[in-house]
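The structure appears right after this line, and notes come after that.
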Amino acid sequence: METKDFAKNMRKLIVEAIYNSGSGHPGGSLSCTDIVSVLFNEEMNKSPECPKDPDRDRFVLSKGHASATLYAALALKGFFPTEEMKTFRKIGGRLEGHPDMKYIPGVDMSTGSLGQGISTACGMAVSGKRLNKDYRVYAVMGDGELEEGQCWEAFMFAAHYKLDNLCVFIDFNGLQIDGEITKVMSPLPIPEKMKAFGFNVIEIDGHNLDEIRAALKNAKETKGMPTAVVCHTVKGKGVSFMENAAGWHGTAPNKEQYEQAIKEIEANG
Amino acid sequence: MADNMKAQRDAYGEVLVELGKKYPNMFVLDADLTKSTKTVTFQKEFPKRHINCGIAEGNMMAVAAGISTCDNIVFASSFAMFAAGRAYEQIRNSICYPHNNVKVVATHAGLTVGEDGATHQCLEDLGLMRSIPGMVVLAPSDSGSTKAACRFAAEYDGPVYIRLGRLPLPCVNDEENYKFELGQADVVADGDFATVMFCGPFYSLAMEVRELFAKNGLNIRVVDVPCIKPMNQEVVKNAIYDTKAIVTIEDHNIYGGLGSAVAETIAELNISNRRPTELIRIGAEDKFGKSGSPKELLAAYGFTAEAIAKKIIAAVCPEFEGEFKF
C-alpha cells in the first residue's frame, strides 16, 4: 500500500476507534499520523510474524495518549485484526487507553506517563550500542511533553552516550490540553534547545512524507550523535473542525462529527 | 558468627561481579554514586555493561526499563531516597506496570545513614515499593543474605526491590551457601514468650532483646524477615499460636513497611480474636530522621534492647514491670 493511503486508512481507523469508544485523543493522534505512517509502512524492520525479534527496530510512542495512531498502524500491518480496533479503551480488550507492551503484539514499550518513553528509548538504544546490535530506535514525542524535566535528562543521556541509533520525532503542533504551549509553559525554542543538548536537528513539515523520508535518511547518515526531527504539524490534521483546536485534545466526536470526519478524510488526497 | 563485620553494599559489589560472569546479558546502572553503592566493582570488570546515568534517577529507572526490554537483566542502584523516592513513578509505570526485568537495589536506607540527616534517610521506601502491584520487596539482614537476595533477583523474571543499609553488620548467613526464596523468613532462635521479627540491620539488636529476657527466664523467638513482600504467613501464624506478642523492628517508618505487613497479615489470618496477640511496632514513629551518628540516632529513636523490652513488658505483662532485671 502507498504510504499516502496507509496514512489515510490510519486516520479513518483512529477517528472510528475514538468515536466507538466515546473517549480518546484525536488531536494529537492525527498530528503524528504521517510520521508514524512512514515509519511503519516504509522504514522500520518489524514483522507481525516475529514481533519480539531481538534485531527488530524499536518504536516508542513517548506521547502515549496518541495510542490510537500506534494501534491503527499495527492493525494495518497485520499485528492484530483491524476489527479489534472496536475494543479500543474498552474493558476486556487489550487496546488500553495508553499502549501496553505486555499484551499488544508490536508494542515495544508501555507508555503514557509523559517524559518516560524517551528515557526507555535511550535504554533500548544504549543496549544496542553496547551489545553491537544494528537495530535503530525511533521515538515520537509531544511538544507539550517537553515541559517534563525528565525529557531533558534523557536528551543529555542520548548525547553523552552518542546514541546515533536513536531518532526522536517531536510532534510540534503547538497545543496542549490547556491551550497554546507558548501560553501554558513555553518549551521554545525547540530546535535551538535540542542543538544545545547535543542533537543533530532537522526541522520539517511533519505532514510532508518526502520531508519525513529525507529526515530519516539524514538521521541514519549522522554518526556520533542522536537526531531530533522537529516536525511542524497541525493538531487534528485531516479533519477541518479538529484542526488547531486545543479542545480536541481529549474529546471524542459525536455521530454527526464522526460521519463528517470520515467524509473529509476520504475526500482528502 | 558475629565477629566478622561487613557492609551489605560491599557484598553487593562482589555479587554483581559474580552475576555479571554468569549472565552476559546483565547490565548495571548507577546515578553518580558508584563508589558508595559499590557498583564500581562491576564497572571495573564489565565496563561495557555498566552505565553511569549521572544525577538523574528518574531517567535512570526508565533507561533501565528500556534496556530490560532488549532481553537483558538490569540492576539499577542509588540511595533508597532517590531510587524509591524520587524515581517512584518511573519504577511504577516503566518498570512494574510492564513487569520489566529490573532489579532496583537501593543502598543507604533508613536512619543508619547517620550524619547526612533527614533528606537522605529514607524511611518510606518499603511502603512505596510494597504498594506497587507485582513488585517483590526484599530487605536482607547481612552480607550473606544480600548476596542470596541478589542471586534470587537475577534468576527471577520481573521487578524486585532490594533495600540495603550503609553500616557494617555482623555476618550471620553464609555468603556462598545461604539460599533465598520468595517469602523467605528464618527463625534464628526459638522461644515461646514473644516473637521478634526484624529486617535489615537489626540482628544484633533482636538478639540483645532475647538475651535480656533470657536473664529473666523468658524465651524470645527471633525471626529474620528478609522478604517483606510477599510476606511469609506461616511465621506470623506460628507467632500468634506459640507466643504472646509480636514485635517488629525495622529502620523505617512504622507505617508501610515490615510492621504494616505483619499487621495486615495478622488481620487477614483472622485468628487473633481467638489467640490474643499484642503487636508492637518498633521503627520511626511517623517522624523524619536527623543528623547524628547512627548509634546516637538509633538510641534517640528507641532502637535499644532496654526500650524495646520495656514496651514488651508494658504490653504483655505490666505486673512484671518492677521486677524485670535489665
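Would you mind telling me which numbered condition in (1) assigned by TED's automatic domain parsing to the domain that holds B:E278; (2) without any contact (Cβ under 8 Å) to a residue 40 or more places away in the chain B:Y178 fails?
For B:Y178, the failing item is (1).
Results for (1) small (G, A, S); (2) crowded, with 24+ Cβ neighbours inside 10 Å; (3) modelled with pLDDT under 95; (4) closer than 26 Å to A:W248 by Cα, shown as yes or no for each residue.
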position: A:L13; (1), (2), (3), (4): no, no, no, yes
position: A:T33; (1), (2), (3), (4): no, yes, no, yes
position: A:D55; (1), (2), (3), (4): no, no, no, no
position: A:R58; (1), (2), (3), (4): no, yes, no, no
position: A:F88; (1), (2), (3), (4): no, yes, no, yes
position: A:P99; (1), (2), (3), (4): no, yes, no, yes
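It is to be established whether one or more residues within region A:243-251 are outside any helix (DSSP H, G or I), within 15 Å of A:V15 (Cα to Cα) and β-branched (V, I, T). Spell out the reasoning first.
So the first thing to find is which residues in region A:243-251 are outside any helix (DSSP H, G or I), and the list is A:243-245, A:249-251.
Right, trim to within 15 Å of A:V15 (Cα to Cα) and you get A:243, A:249-251.
Those still in the list that are β-branched (V, I, T) too: A:251.
Yes.
Only one of these conditions is not met by A:Y138: (1) more than 8 Å from chain B (Cβ to nearest Cβ); (2) under 23 Å from A:H249 (Cα atoms); (3) of a type outside the set (A, V, I, L, M). Which number is it?
The one condition A:Y138 does not meet is (2).
Does region B:70-103 hold any residues that are assigned to a strand (DSSP E or B), within 14 Å of chain A (Cβ to nearest Cβ) and without any contact (Cβ under 8 Å) to a residue 60 or more places away in the chain, and which are they? First the steps, then the outcome.
Initial filter on region B:70-103 (assigned to a strand (DSSP E or B)): B:73-79, B:102-103.
Narrowing the set further to residues that are within 14 Å of chain A (Cβ to nearest Cβ) leaves B:73-76, B:78, B:102.
Selection gives B:V74, B:A76, B:S78, B:V102.
I'd like the full set of residues that are in contact with a Ser or Thr (Cβ under 8 Å, 6 or more places away or on another chain) and within 29 Å of A:N268 (Cβ to Cβ), limited to region A:36-62.
A:V36, A:S37, A:V38, A:N41, A:E42, A:V60, A:L61, A:S62
Is at least one residue of region B:82-91 at positive phi and not assigned by TED's automatic domain parsing to the domain that holds B:K295?
Start the filter on region B:82-91 by keeping residues that are at positive phi, which leaves none.
No: region B:82-91 contains no residue that is at positive phi and not assigned by TED's automatic domain parsing to the domain that holds B:K295.
Please go through region B:279-308 and pick out each residue that is buried (at least 17 other Cβ atoms within 10 Å of the Cβ) and without any contact (Cβ under 8 Å) to a residue 12 or more places away in the chain.
Residues satisfying the conditions do not exist here.
So which strands (runs of 3 or more DSSP E) stay within region B:168-225 end to end and still have 1 or more residues that are under 16 Å from the mean Cα position of the chain (by Cα) and acidic (D, E)?
Working: elements: B:168-170, B:186-189, B:194-198, B:220-224.
Answer list for region B:168-225: B:186-189, B:220-224.
Out of the residues in region B:16-67 that are away from chain A (no Cβ under 11 Å) and of a type in the set (F, W, Y), state the one that is surrounded by the fewest Cβ atoms within 10 Å (Cβ to Cβ). Steps first, answer last, please.
Going through region B:16-67, the residues away from chain A (no Cβ under 11 Å) turn out to be B:16-23, B:26, B:28, B:30, B:32-45.
Applying the additional criterion that residues be of a type in the set (F, W, Y) yields B:23, B:42.
Numbers: B:Y23: 14, B:F42: 27.
Result: B:Y23.
Which residue out of A:G128, A:G78, A:G97 is touching a Phe, Trp or Tyr at 6+ places or on another chain (Cβ under 6 Å) and farther than 30 Å from A:P189 by Cβ? Steps first, please.
Values: A:G78 fails: touching a Phe, Trp or Tyr at 6+ places or on another chain (Cβ under 6 Å); A:G97 fails: touching a Phe, Trp or Tyr at 6+ places or on another chain (Cβ under 6 Å).
None of the others qualify; the one that does is A:G128.
Residue by residue, here is whether (1) at pLDDT 95 or above; (2) of a type in the set (D, E, K, R); (3) assigned to a helix (DSSP H, G or I) holds:
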| residue | (1), (2), (3) |
| --- | --- |
| A:M141 | yes, no, no |
| A:W152 | yes, no, yes |
| A:I170 | yes, no, no |
| A:K183 | yes, yes, yes |
| A:R213 | yes, yes, yes |
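The values are calculated or read from the model by the stated rules, or taken from the named source; none is laboratory data. Everything quoted here is computed from the prediction, not taken from an experiment. Cβ atoms come from the backbone with ideal geometry, glycine included; neighbour counts cover every protein chain shown.
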